[in-house]
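Structure first, then comments.
The values are calculated or read from the model by the stated rules, or taken from the named source; none is laboratory data. This one's a predicted model, so the numbers in the text were calculated from it and none came from an experiment. As a convention, Cβ positions derive from the backbone with ideal geometry for all residues, glycine included, and neighbour counts pool all protein chains shown. Note: areas computed on protein heavy atoms with side chains; ligands, DNA, RNA excluded. Shrake-Rupley method; radii C 1.70, N 1.55, O 1.52, S 1.80 Å.
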Amino acid sequence: MKIGVISDTHLGQVTKEFLEIYDQYLDDKDVVIHAGDVVSRDVIELLEKKTFHGVHGNMDPPDVKGLLPNKKIVRLAGFTIGIIHGWGPAAGLEDRILPLLEGVDVLIYGHSHRPLNQMVDGVRLFNPGTATGYSASGIHTLGILELDKTINGEIIRL
């Protein structure tokens, strides 16, 4: 199973750039996950063309927060995946969110706009960065998770 993972798109509407990203990186995936700060219902509607799981972030307006939970656990291909956005400063973010989704194999999160694909105490921490939002480095990214006998993650620079 292949999962396209994005976060922190911060889009008020579906843009030409986002459609190109979707067509190139997400359209052929089995599942799409968005880890918050979607900002637009239009983006959710596009992502729902596939099996979609998402959470809301701190910058999402009330209508988006009404559609998406603040955290979610899903079971895919025999693995337990936790999804949360995150909050506060980037420093210590993982320490704040890990206790909220115990027992997961993968913890997908966003908020910091900093990509990360790292194992910590048997849990894969996976932050896809930001595909279209502000990036201090000027680099935009998304992630791909492949679930088979193991979980492999890749951060893709756009």
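Annotations for the structure displayed:
- Phi angles of the range 113-123 translate, via the Karplus equation with coefficients 6.51, -1.76, 1.60 and θ = phi - 60°, into HN-Hα couplings of 6, 10, x, 8, 9, 8, 8, 9, 6, x, 10 Hz per residue; Gly and Pro are given as x.
- Within the chain, helix-based [θ] at 222 nm, where runs of 4 or more DSSP H residues each add -39,500 (n - 2.57), nearest 500: -3000 deg cm²/dmol
- Here the spin labels are modelled as points 7 Å beyond Cα on the Cα-Cβ line, and at Glu45 and Met59 they lie 2.2 nm apart.
- The range 101-158: C-alpha gyration tensor shape, a/c 1.5 cut-off, then a/b vs b/c: prolate
- Loop exposure criterion: GluC sites (Glu not before Pro), DSSP state outside H, G, I, E and B, at most 12 other Cβ atoms within 10 Å. Applied to the chain, the longest stretch between such sites is 103-158.
- For Gly82, the shell of other residues with beta-carbons less than 10 Å away shows a net charge of 0, using +1 for Lys and Arg and -1 for Asp and Glu.
- Using a probe of 1.4 angstrom and keeping all protein chains present, the accessible surface of the range 76-151 works out to 43 square angstrom per residue.
- Across the range 11-26, computed HN-Hα scalar couplings (Karplus, 6.51 cos²θ - 1.76 cosθ + 1.60, θ = phi - 60°) run 10, x, 7, 6, 9, 4, 4, 5, 4, 5, 4, 4, 4, 7, 10, 10 Hz from first to last residue, x flagging Gly and Pro.
- One entry in (i) 14.0, 40; (ii) 15.2, 52; (iii) 15.1, 48 is Rg and Dmax of the Cα atoms in Å calculated from the shown coordinates; its label is (i).
- When the surface is traced with a 1.4 Å probe over the full set of protein chains, Met1 keeps roughly 80 Å² accessible.
- Trypsin sites (Lys or Arg not before Pro) within the range 41-150: DSSP coil, no more than 12 neighbouring Cβ in 10 Å: Lys49, Lys149
- Taking the Cα centre of the range 1-156 as origin and assigning +1 to Lys and Arg Cβ atoms and -1 to Asp and Glu Cβ atoms, the resulting dipole is close to 260 debye.
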